[in-house]
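A short write-up of the structure that comes next.
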Number of protein chains: 2
Amino acid sequence: MADPAPPTPASTDAAPGSAAPAGRSPKPGATAARGPRRRPATTERREEILRAAANTFGAKGYKTGSLADVAEQVGMTHAGVLHHFGSKEQLLIEVLEYRDKEDVRDLEGQKIPSGLELFVHLLRTVRANEQRRGVVQGYTVLTGESVTEGHPAAAWAGNRFSILRGEIVDALRELAGPDVPEPTLSQAASAIIGVMDGLQVQWLLDPDAVHLAEATTFAIEAIVAAAVAGAAAPLPVPPPGAAGQVG
Amino acid sequence: MADPAPPTPASTDAAPGSAAPAGRSPKPGATAARGPRRRPATTERREEILRAAANTFGAKGYKTGSLADVAEQVGMTHAGVLHHFGSKEQLLIEVLEYRDKEDVRDLEGQKIPSGLELFVHLLRTVRANEQRRGVVQGYTVLTGESVTEGHPAAAWAGNRFSILRGEIVDALRELAGPDVPEPTLSQAASAIIGVMDGLQVQWLLDPDAVHLAEATTFAIEAIVAAAVAGAAAPLPVPPPGAAGQVG
DNA sequence: CATCGCTTACTTACCTGTCAGTAAGTCCTT
DNA sequence: AAGGACTTACTGACAGGTAAGTAAGCGATG
């Protein structure tokens, strides 16, 4: 992801829903918009499983992480996990939703940052992420995997990126004058998300060689400055032809 | 990867070799330092397999892609593939080496670009990559997977990043004055690689929403400009404390 | 006492790696 | 140049694992 702790605005709630198939959960008229009548202890148990699954999928990826692995962490068998979630794919989807909801909850009260504040928030998050390797790894692995054919997390990932881009564009528009063209803001927005994600990968592979927070800050400042200025400076743009190398 | 077509300097040759275990190949006193006497047709066959494997691992990832899948593409059984490579892990390693070698071969003659030229080369590559979705996907999937525990591609990925960073730092040093501090160059270098990779992920998930070449160009220009200037502009840097959200 | 939460017990489906065997070379010797 | 001795390139079958999903049962509990 752009970052394990994005603003996840109101829209975050909307997005995952669209990706979540029927499964066995959202049965219409139930207690609190929740599925089948559920004992209070059960909800807690389900959340334990979700946290364990986030853990496993984060460490090993969705395909490689097994239900048995998840089950073991909460002291039950893999069939028990299946009892709660119906299928592995449904479990993944609920893990994703759960995290999104948690993000929203954590931001509760605080209004969604806009303008300059959004970038401050982003950078604060990056700094926090340096202390949460596991979470960062989870997002990295999952988004990487999501670009494979027919991956169940593709919709989630695409959606998240889309929402984040929109927010950053809005924030940039506040900072930049009205004469800065839309495409420029849009390019800057995806670039900002891109650096955040890309730097995380390098940092995970070699934490000593990459200073996550510093490098991210540097890059975001550079990109925001260029966007506000209307465009970046020189560098002769190469022609489309003459490709060739690389494997 | 930073990009499917990086300069892959001389050092690229050194790195993968160190990671390659014995397998069944390098039998001491043989024809040409090569492993067991190999029929001419065999070398070609091995390369077919390597290309097929690059294909499979690129599309499905290393863990999920199967030997049977690879074998089918070249019209043999999975046992036949194992006959040539000994193990799945060894196959992956040779795929990685093969691609690196191909990159080097394609750059042959052309000296490794330095200074401004390096960035021009990078941008030209990005443009070429827009036409090679499969290759880009392969790098994205593999690097994403590589951050999982004990992944066989971790060494390769880390090495590649490290080499690329070094080259970019060198190029930046040529452009920037001697008064620009090393850490700034280093941060800019990892940030440049980061945007390239991060934008590729977004582009793969939603090619219409992200203009790969344009956004990359914009970001690299912004970052290079900031690095050459010695540092980027404002943006109040947030304090390390007060974290919280995110899932 | 019916439903919930979960286990046990399987089934089905792969997947990697091993092995024996075979057909087609390659090389050496006479 | 023909024969044997050996190698290479595979195939088919299978051992040994692991994984997801299903079905039936059983004890707790609301």
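Structure summary
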item	result
Solvent-accessible surface ranking, highest first, for B:E44, A:E94 at 1.4 angstrom	B:E44, A:E94
Label point 7 Å beyond Cα along the C-beta direction, distances from A:G150 to other copies (nm, shortest first)	3.0
Estimated inter-spin distance, B:R38 and A:L116, nm [label 7 Å along Cα→Cβ]	6.1
Position B:A79, label points 7 Å along Cα→Cβ, spacing to each other copy in nm (shortest first, one decimal)	3.6
Radius of gyration and Dmax over the Cα atoms of the stretch B:116-223, both given in Å	14.6, 42
Potential lengthening between A:D106 and A:R133 on full extension [0.36 nm per residue; Cα-Cα distance subtracted]	7.8 nm
Dimensionless Rg over Rh [the stretch B:46-196; C-alpha; Kirkwood]	1.04
Directionally averaged shadow of the stretch A:78-122, computed from the convex hull of its alpha-carbon atoms, nm²	4.3
For B:A213, net neighbour charge (Lys/Arg +1, Asp/Glu -1) across residues whose Cβ lies under 9 Å away	-1
Calculated label separations, A:A41, copies of the chain, 7 Å along the beta-carbon direction, nm	6.9
Alpha-carbon centroid distance for the pair the stretch B:123-160 / the stretch A:83-140, whole angstrom	25
Cβ-Cβ FRET estimate between A:E89 and B:M76, R0 fixed at 41 Å, reported to 0.05	0.80
Where rotation carries A onto B, the chain A residue whose Cβ is nearest that axis, in whole Å	A:G144, 1
DSSP-loop GluC sites (Glu not before Pro) across the stretch A:124-206, with at most 12 other Cβ within 10 angstrom	A:E149
Computed lengthening from A:S66 to A:D170, 0.36 nm per intervening residue step minus Cα-Cα distance	33.4 nm
Cα principal axis extents for the stretch B:143-194, largest first, Å	41, 13, 13
Size-normalised alpha-carbon gyration radius of the stretch B:70-158, reference 2.2 N^0.38 Å	1.33
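The values are calculated or read from the model by the stated rules, or taken from the named source; none is laboratory data. Being a predicted model, the structure only gives us computed values, none of them experimental. Reconstructed Cβ throughout: ideal geometry from the backbone, glycine too, with neighbour counts over all protein chains shown. The protein model used for the area step is the full one, side chains on, heavy atoms only, and it has no ligands, DNA or RNA in it. Shrake-Rupley method; radii C 1.70, N 1.55, O 1.52, S 1.80 Å.
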